[in-house]
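Asks: I'd like to ask some things about the structure below.
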Amino acid sequence: MAIPIAVFLDLASWMIRKSLRRKALLFSYSLLLMLLLVIFVGCQTSPPNLKPKPEPKSAEKTRLNTQLVLNNAILEQSNPQDNTVWKIRADTITYSEDKEIANLSQVVGNLLQDGKIILQISANNGEVRDNGNVIVLKEDVIASDPRNQSTIESNIVEWRPQENLLSIEDSLKAIGSNLEVTAKSGKYFTDRESLEIQGDVIATTDKPALQLKCDRLIWNVAQNQIKSPGAVEIVGFDQAETVTDKLVSDRAEVNLTQNIATLHNNIEFRSLQPKLQAATNFLTWDYQKRIGKTNQPIEILNRDRQTSLTGNAGEINLQQQIAKLQDGVRGINQQKQSELYARQLTWKIDTEEITATDNVIYEQTDPKARLTGEKAVGTLGNNNIVVTSNGKQQVTSVIDN
């Protein structure tokens with residue numbers, strides 16, 4: 001069937017207009033898409049750098065130096081039972097930036113046990129470290145124990161409250177009721193009230209006057225006793241501070257309440273007033289009464305006269321100037337070549353007179369003689385000896401011309 005020309009033209013015209021409208025719509029869509037793409041890309045562009053500018057070095061330094069400072073403040077520490085262990089007051093407390101160390105000035109503090117003060121401390125400066133477990137005190141440090149009235153002075157002290165320990169690493173001086181000690185270093189144990197010191201130790205008492213020198217000393221303050229576990233020298237003085245006695249031994253203990261020194265091993269004793277020397281391995285020495293006693297062998301020497309007395313036990317009383325030997329005694333005069341044997345003997349030091357009793361034997365070489373009896377009286381220094389028995393003169397006498 002043939003389509004009229006007019007209809008064909010109308011149909012073609014409609015199709016062209018529809019095509020143009022579609023292209024226009026596509027163009028609009030494309031234009032919109034391009035606009036959205038431009039906006040999206042613009043939003044993805046890197047923004048300006050928003051990081052803060054570095055501060056000037058001076059500002060940074062100021063911030064680093066900023067510290068927490070407390071004035072006229074109090075620090076304290078408690079145990080798990082909520083009991084106060086220590087309490088410290090300071091004029092200023094300055095914390096380090098990491099808050100690990102507190103620096104103190106003009107320090108005053110107390111160490112407590114069961115609510116009672118057992119140690120009082122003061123110092124010009126200090127530091128609190130390790131969460132309060134270590135306290136370092138510096139400059140003019142004074143630590144006092146009110147239980148025994150003792151005081152320790154030094155320039156550097158490390159206080160460990162949890163360990164009941166006051167460690168003194170610098171030269172120290174400690175003072176008690178009747179004792180003063182100095183040393184290079186030491187440790188004070190607050191739980192047992194004991195001070196252990198070492199290095200050029202000098203201990204001095206006042207009444208009676210006594211000085212002890214050693215390298216290491218243990219002072220049991222509560223018991224009022226001192227002990228030298230090593231070599232020791234003890235010097236006694238009179239009221240005019242003149243040296244009267246000198247003793248040395250391998251070790252010694254001193255009871256300051258009883259005024260008695262106990263010496264052990266390789267003891268050398270020398271009296272200057274009166275002049276006398278003695279040697280033994282054990283001696284108790286009452287340095288106030290100047291009396292020495294031993295239950296071990298002892299030898300007494302008079303170097304001027306070249307005489308010696310030995311016994312298996314003995315006692316020397318320097319105030320009364322008497323020496324007593326027992327349990328088997330031997331007297332020797334090296335210069336005169338004479339010897340005396342007895343069970344016991346008393347020697348008057350000032351007059352050099354001896355009295356020997358029980359199984360007495362006296363021998364001399366010039367002239368040669370041997371005497372036996374129950375008692376002998378005389379002076380060994382010049383061989384002037386009289387031997388008797390039951391009130392009668394010598395029982396046996398043998399003399400060779």
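The values are calculated or read from the model by the stated rules, or taken from the named source; none is laboratory data. In this text the structure is predicted, and so the values were computed from the model without any measurement. Here the Cβ is made from the backbone with ideal geometry for all residues, glycine too, and neighbour counts use every protein chain on show.
Asks: Please verify whether ILE354 is touching a residue at least 12 places away in the same chain (Cβ under 8 Å), closer than 20 Å to PHE282 by Cα and of a type outside the set (Lys, Arg), treating the condition exactly as stated.
Replies: On the way: touching a residue at least 12 places away in the same chain (Cβ under 8 Å): yes; closer than 20 Å to PHE282 by Cα: no; of a type outside the set (Lys, Arg): yes.
Criteria not met by ILE354.
Asks: Do any residues in region 208-228 that are acidic (Asp, Glu) have Cβ atoms under 9 Å from those of residues that are part of a strand (DSSP E or B) and modelled with pLDDT of 95 or more, where the two are at least six apart or on different chains, and which pairs are they?
Replies: Listed by first residue and then by second, the contacts come to ASP215/GLN198; ASP215/GLY199; ASP215/ASP200; ASP215/VAL201; ASP215/SER228; ASP215/VAL232.
Asks: Something else about it: Tell me, yes or no, whether region 284-291 has at least one residue that is over 30 Å from PRO146 (Cα atoms), surrounded by fewer than 15 Cβ atoms within 10 Å (Cβ to Cβ) and without any contact (Cβ under 8 Å) to a residue 40 or more places away in the chain.
Replies: First pass over region 284-291, keeping only residues over 30 Å from PRO146 (Cα atoms): 284-285, 289-291.
Cutting the leftovers down to surrounded by fewer than 15 Cβ atoms within 10 Å (Cβ to Cβ) gives us 289.
Next, from what is left, pick out any that are without any contact (Cβ under 8 Å) to a residue 40 or more places away in the chain: 289.
Yes: one or more hits.
Residue-wise test of (1) among the polar types (S, T, N, Q); (2) surrounded by 17 or more Cβ atoms within 10 Å (Cβ to Cβ); (3) in contact with a strand residue (DSSP E or B) (Cβ under 7 Å, 6 or more places away or on another chain); (4) over 12 Å from VAL387 (Cβ atoms).
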residue: ASP327; (1), (2), (3), (4): no, no, yes, yes
residue: GLY331; (1), (2), (3), (4): no, yes, yes, yes
residue: TYR341; (1), (2), (3), (4): no, yes, yes, no
residue: ALA356; (1), (2), (3), (4): no, yes, yes, no
residue: ASN359; (1), (2), (3), (4): yes, no, yes, no
residue: GLN364; (1), (2), (3), (4): yes, yes, yes, no
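Asks: Counting only residues that are in contact with a Lys or Arg (Cβ under 9 Å, 6 or more places away or on another chain) and either of a type in the set (Ser, Thr, Tyr) or under 27 Å from ASP145 (Cα atoms) (or both), give me the strands (runs of 3 or more DSSP E) lying completely in region 200-260 with at least 2 of them. Steps first, answer last, please.
Replies: Values: elements: 210-220, 225-228, 232-237, 243-249, 251-255.
Where strands (runs of 3 or more DSSP E) fall fully within region 200-260 and carry at least 2 residues being in contact with a Lys or Arg (Cβ under 9 Å, 6 or more places away or on another chain) and either of a type in the set (Ser, Thr, Tyr) or under 27 Å from ASP145 (Cα atoms) (or both), they are 210-220, 225-228, 251-255.
Asks: Mind telling me which of the residues ALA313, ALA278 ends up being small (Gly, Ala, Ser) and in the same structural domain as GLU339 (by TED's automatic domain parsing)? Let's see the steps before the verdict.
Replies: Numbers: ALA278 fails: in the same structural domain as GLU339 (by TED's automatic domain parsing).
Result: ALA313 is the single residue among ALA313, ALA278 that is small (Gly, Ala, Ser) and in the same structural domain as GLU339 (by TED's automatic domain parsing).
Asks: When you look at LEU104, is it touching a Ser or Thr at 6+ places or on another chain (Cβ under 6 Å) and either aromatic (Phe, Trp, Tyr) or surrounded by 17 or more Cβ atoms within 10 Å (Cβ to Cβ) (or both), yes or no? Lay out the reasoning, then the answer.
Replies: Values: touching a Ser or Thr at 6+ places or on another chain (Cβ under 6 Å): no; either aromatic (Phe, Trp, Tyr) or surrounded by 17 or more Cβ atoms within 10 Å (Cβ to Cβ) (or both): yes.
No; evaluated as a whole, the condition is false for this residue.
Asks: Take region 296-314 and flag every residue that is modelled with pLDDT of 95 or more and either buried (at least 17 other Cβ atoms within 10 Å of the Cβ) or of a type outside the set (Asp, Glu) (or both).
Replies: The answer is GLN296, PRO297, ILE298, ILE300, LEU309, THR310, GLY311, ASN312, ALA313, GLY314.
Asks: Something else: Name the single residue that is nearest to SER185 (Cα to Cα) among those in region 222-232 being surrounded by fewer than 23 Cβ atoms within 10 Å (Cβ to Cβ) and hydrophobic (A, V, I, L, M, F, W, C). Even if it seems obvious, please write down each step before you answer.
Replies: So the first thing to find is which residues in region 222-232 are surrounded by fewer than 23 Cβ atoms within 10 Å (Cβ to Cβ), and the list is 222-225, 227, 229-231.
After this cut, where a residue has to be hydrophobic (A, V, I, L, M, F, W, C) as well, the list is 222, 231.
Details: ALA222: 20, ALA231: 18 Å.
Step by step, filter region 222-232, then rank; the result is ALA231.
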